[in-house]
Amino acid sequence: MRTSGDSSEEASISATKAVCVPGLNCYSCPGAVGACPIGSLQNSLSGMTFRFPYYVLGLMIFFGALLGRTICGFLCPFGLLQDLLNRIPFPKKIRTFKGDRKLRNLKYLVLIVLVIMVPIFVKLTPAFCKYVCPSGTLSGILLALGDSRLFAVLGGTFFWKLSLLILVILISIMIYRPFCKYICPLGAFYGPFNKVALMKMSCDKSACVDCGACSAVCGMGVDPSEDPNSTECIRCGSCIKTCPAKALGYEFSLRKKEAGDPLDTSA
Amino acid sequence: MTKRTFILAAILLGAAALVVVGVIQGQPGQVLSKAINICLECVGLG
């Protein structure tokens, strides 16, 4: 492992780390095979000389245009962790609360302020990575456990981020994917692409019986029968499985799905 | 071509153009040079 500025350690060099993976992962982990898009974006913006991040931004837009928030539902490791935590039985699962809708806007603020503005104006400060990202904290714990030299330099920032990680873990047991809903800047970036992405969902209004089963099962608080391509939808597919009328389905096509369409995936 | 198809095609072409410009400027190398080092500030150490 090689730390920043430490040339005495063997570097975990992999050319694949020149490419960003679509989901949130801490590329500081020597086991990571790809770079984190949010980390790479901040790194590009916070350099001593400002350089527009053509490469990272192009990759992120490409991923978003192809998949939208399907990345959140199927490719993000931290999303998977929250999914698993939410399966832990708890007497009072919270589906929604007063202020839930307004709090969803926090992730856009995180994206604009911590990911974009702070790195631009405060050099060498990837603010989201440094002060918030729980994925990085998980990597830090694993690294520190494996190397006593790193354990010895645990500082205040680590304990602050550890508190955030523990909070996210505990809340994930009660609320479905709280980090994805309220904090994740990557979800904020990919969300608007749901409207135009190649991978999208559709609701056949002629088949829909307005039973409300889809919105009842949706952990993200979306009504798929009304807005199947909501910016909050992570394309988990729970509504498709639940729909008794088979009105909902994925579309991976530029064609508008019609009844009897061979591309119909709602069955 | 529907409106959605046009928008999607424009976005994908724009993304490809950004990636090409970034590659020409050597930005993948910058991403790699950061990614192969452990970012102590990212993991909260130090």
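Angle of helix A:77-86 to the longest C-alpha principal axis of chain A, folded into 0 to 90 degrees and rounded to 10: 60°. In this structure, the amide hydrogen of residue A:175, modeled 1.01 Å from its nitrogen in the peptide plane, lies closer than 5 angstrom to those of A:94, counting only residues at least 5 positions away or on a different chain. Ordering A:40, A:196, A:111 by Cα displacement along the dipole of chain A toward the positive end leaves A:111 in first place; charges were set at the Cβ atoms of Lys, Arg (+1) and Asp, Glu (-1).
Against chain A, whose longest principal axis comes from its Cα atoms, helix A:54-67 is set at around 30 degrees.
Let me know the mean shielding of A:143-153 by other chains, meaning the per-residue number of their Cβ atoms within 10 Å of its Cβ. Whole-number average of other-chain Cβ neighbours for A:143-153 is 2.
Which shape class, rounded, prolate or oblate, goes with the stretch A:41-187 when its Cα gyration tensor gives a ≥ b ≥ c as root eigenvalues, a/c under 1.5 marks rounded, and past that a/b bigger than b/c marks prolate? Don't skip to the answer; put the middle values down first.
Values: a/c = 1.76, a/b = 1.18, b/c = 1.50.
It comes out oblate by the Cα gyration axes.
Annotation: peptides A:148-156, A:88-96, A:241-249, ranked by per-residue average of other Cβ atoms within 10 Å with the highest first, follow the order A:241-249, A:148-156, A:88-96. Secondary-structure-derived ellipticity at 222 nm for chain A, considering helices only, amounts to -11000 deg cm²/dmol, per-run term -39500 (n - 2.57) for DSSP H runs with n ≥ 4. Think of the protein assembly as shown as having a plus end and a minus end, set by charges on the Cβ of Lys, Arg, Asp and Glu; of A:128, A:143, B:17, A:128 sits farthest toward the positive end of this dipole.
For the segment B:22-30, counting C-beta atoms of other chains within 10 Å of every residue's C-beta and taking the mean gives 6. Net charge dipole, the stretch A:199-251: roughly 220 debye, given to the nearest 20, about the Cα centre with Cβ charges of +1 for Lys and Arg and -1 for Asp and Glu. Put simply, the amide H of residue A:251, placed in the peptide plane, has neighbours under 5 Å in A:200, A:201, A:202, leaving out anything fewer than 5 places away on its chain. The overall shape of chain A, judged from the alpha-carbon gyration tensor, is prolate: a/c is not under 1.5, and a/b is greater than b/c.
In a simple Cβ point-charge model (Lys, Arg +1; Asp, Glu -1; nothing else charged), chain A has a dipole of about 520 debye relative to its Cα centre. Looking at the stretch B:3-43, the pairs of alpha carbons with a distance over 14 Å make up 64% of the total.
Of all accessible surface on the stretch B:3-43 at a 1.4 Å probe, what whole percent is carbon and sulfur?
79
Annotation: amide H-H contacts under 5 Å for residue A:35 (H modelled 1.01 Å from N, sequence separation of 5 or more, or interchain): A:19, A:20, A:21.
The values are calculated or read from the model by the stated rules, or taken from the named source; none is laboratory data. The model shown is predicted, which means the values in this text are computed figures rather than measured ones. Cβ sites come from the backbone with ideal geometry, for glycine too, and all protein chains shown count toward neighbours. Remember, those area values only see protein heavy atoms, side chains included, never the ligands or the DNA or RNA. Shrake-Rupley method; radii C 1.70, N 1.55, O 1.52, S 1.80 Å.
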